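A short worksheet on the structure shown next.
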Amino acid sequence: MQRFMVAGLALSALAVGATWGTAQPAAKLPADTEAVAKGNNEFALNLYARLAGEKGNLFFSPYSISNALGMTYAGARGATAEQMAKTLHFDLEEQRLHPAFADLIQELNGKGKKRHYQLSVANALWGQKDYGFLPEFLKLTKNNYGAGLNEVDFEKATEEARQTINAWVEKETNQKIKDLIPKDVLASDTRLVLTNAIYFKAAWLEMFSPQATKKEAFKVTADQKANVDMMHRHDSFLFVEGDGFQMLDLPYEGRDLSMLVFLPKKVDGLAEVEKSLTAANLAKWLGQRKLYQVDVALPKFKITAQFNLKKVLSEMGMPIAFSRAADFSGMTTREKLFIDEVIHKAFVDVHEKGTEAAAATAVIMRPTSAPVLPTANFRADHPFAFLIRDNRTGSILFAGRMANP
């Protein structure tokens, strides 16, 4: 059985100047918001590098993970907070970090403006009823993340609480993310679940003609091929002819967002491209985009992925948060809590009309007394990586790899 993986967090601040392919110059963000976005991008691509070591398709929302862990970080103290900040690239002091997250959320949610696409971010806290979380923590997460406290009864109605949380996630992701929290993950001693949900749907600036879609070979490896629905279009695009790869900027309607596709020149060249996919290189490549007439061939594909991030986040530098030595005394002083698990699930559907994507993240907290659980031809007929990026803020909202459609 092929294994899929997902993860999410916020990325941003790889801003470039006004060019063809964006509706307007990248949004001029406040310095703190830009700093959060930049740090989130660093974390996102670091996480991509970790997850890319597994075989198969990969899709995750860097923004979702960062957002959920940002709320969790609000309750961390001491060495726990220090490790989280370093791993997640939270480079601002806390009194500036969380308001910057709030501004980024408002930017992504559109601040009430009419848009050509759907993009929504929602957060919520699910706490044991009558538990007594610190008012300062609840106020911070409510004011900066819009995450109100929903009281549930993990102790006496664990399954009902799980279903309530999953129903909220399903609603906020337009029914695309179902059963985020599997059975037997929550326990009677679960104290808090912090959730983020993100939903995105947009049409291409110019759609692919369904009549041009036809069955063609996709080279999974040099020796293995799969017969897939390949979409075709010839048009003007921002394009980069890189060293060993090509980068194509496929804009969505309104040009506020784009899909960036990174295609290796060699069938087996994706691993090398992924190694070079850093925040610094991405900023450089964005600045190198030029207008080309491009013959594009891109497969239709869907990916659904789920990943438990406890192990990878620990290995990336924040193990204390998942241990009995964790300090989340900023959430409650009633008992010591630690992160039991970070669960992430994501979905993407790329077709002739556009793209629909959704993701959700749950951070599950338990007491430490419990056991720890020119012209160009862009033919994407072999494995490639891709990002979905908000061009106004520079935020990488989703990231993925298509290894076998």
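Computed quantities for the displayed model
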quantity: Members of region 70-122 that are surrounded by fewer than 16 Cβ atoms within 10 Å (Cβ to Cβ), of a type outside the set (S, T, N, Q) and not in a helix (DSSP H, G or I); calculated: Arg77, Asp91, Glu93, Lys113, Lys114, Arg115, His116
quantity: Residue within region 181-189 that is among the small types (Gly, Ala, Ser), within 21 Å of Thr361 (Cβ to Cβ), in contact with a Ser or Thr (Cβ under 9 Å, 6 or more places away or on another chain) and not in a strand (DSSP E or B) present; calculated: yes
quantity: Residue, farthest from the chain's Cα centre (by Cα), within region 288-339, restricted to residues that are over 30 Å from Thr80 (Cβ atoms) and among the basic types (Lys, Arg); calculated: Lys290
quantity: Among (1) farther than 30 Å from Glu160 by Cβ; (2) crowded, with 16+ Cβ neighbours inside 10 Å, the one test that Gln211 misses; calculated: (2)
quantity: The lone exception for Leu180 - which of (1) in contact with a strand residue (DSSP E or B) (Cβ under 7 Å, 6 or more places away or on another chain); (2) closer than 30 Å to Arg96 by Cβ it fails; calculated: (2)
quantity: Test: residue in region 150-171 that is part of a loop (DSSP other than H, G, I, E, B), aromatic (Phe, Trp, Tyr) and either loosely packed, with under 14 Cβ neighbours inside 10 Å or within 24 Å of the chain's Cα centre (by Cα) (or both); calculated: no
quantity: Matching residues, region 314-336, being touching a Ser or Thr at 6+ places or on another chain (Cβ under 7 Å) and aliphatic (A, V, I, L, M); calculated: Met316, Met318, Ile320, Ala321, Ala326
quantity: Criterion: out of contact with any Phe, Trp or Tyr (no Cβ under 9 Å at 6 or more places or on another chain), crowded, with 23+ Cβ neighbours inside 10 Å and modelled with pLDDT under 95 - qualifying residue of Ala37, Ala26; calculated: Ala37
quantity: Listing of strands (runs of 3 or more DSSP E) fully contained in region 197-279 that carry 3 or more residues being aliphatic (A, V, I, L, M); calculated: 225-241, 245-251, 257-264
quantity: Strands (runs of 3 or more DSSP E) completely within region 286-399 that count 2 or more residues being at pLDDT 95 or above and touching a Gly at 6+ places or on another chain (Cβ under 6 Å); calculated: 354-367
quantity: Count of residues meeting criterion [of a type in the set (Ser, Thr, Tyr) and buried (at least 21 other Cβ atoms within 10 Å of the Cβ)] in region 321-331; calculated: 0
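Rundown of residues vs (1) farther than 26 Å from Thr141 by Cβ; (2) out of contact with any strand residue (DSSP E or B) (no Cβ under 6 Å at 6 or more places or on another chain); (3) in the same structural domain as Arg162 (by TED's automatic domain parsing); (4) surrounded by fewer than 24 Cβ atoms within 10 Å (Cβ to Cβ), yes/no style:
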{"site": "Pro319", "(1), (2), (3), (4)": "no, yes, yes, yes"}
{"site": "Glu335", "(1), (2), (3), (4)": "no, no, yes, yes"}
{"site": "Phe338", "(1), (2), (3), (4)": "no, yes, yes, yes"}
{"site": "Val342", "(1), (2), (3), (4)": "no, no, yes, no"}
{"site": "Asp349", "(1), (2), (3), (4)": "yes, no, yes, yes"}
{"site": "Ala358", "(1), (2), (3), (4)": "no, no, yes, no"}
{"site": "Thr361", "(1), (2), (3), (4)": "no, no, yes, no"}
{"site": "Gly394", "(1), (2), (3), (4)": "no, yes, no, no"}
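The values are calculated or read from the model by the stated rules, or taken from the named source; none is laboratory data. All values derive from a computational prediction rather than experimental measurement. Quick reminder, even Gly has a Cβ in these numbers, built from the backbone with ideal geometry, and neighbours come from all protein chains shown.
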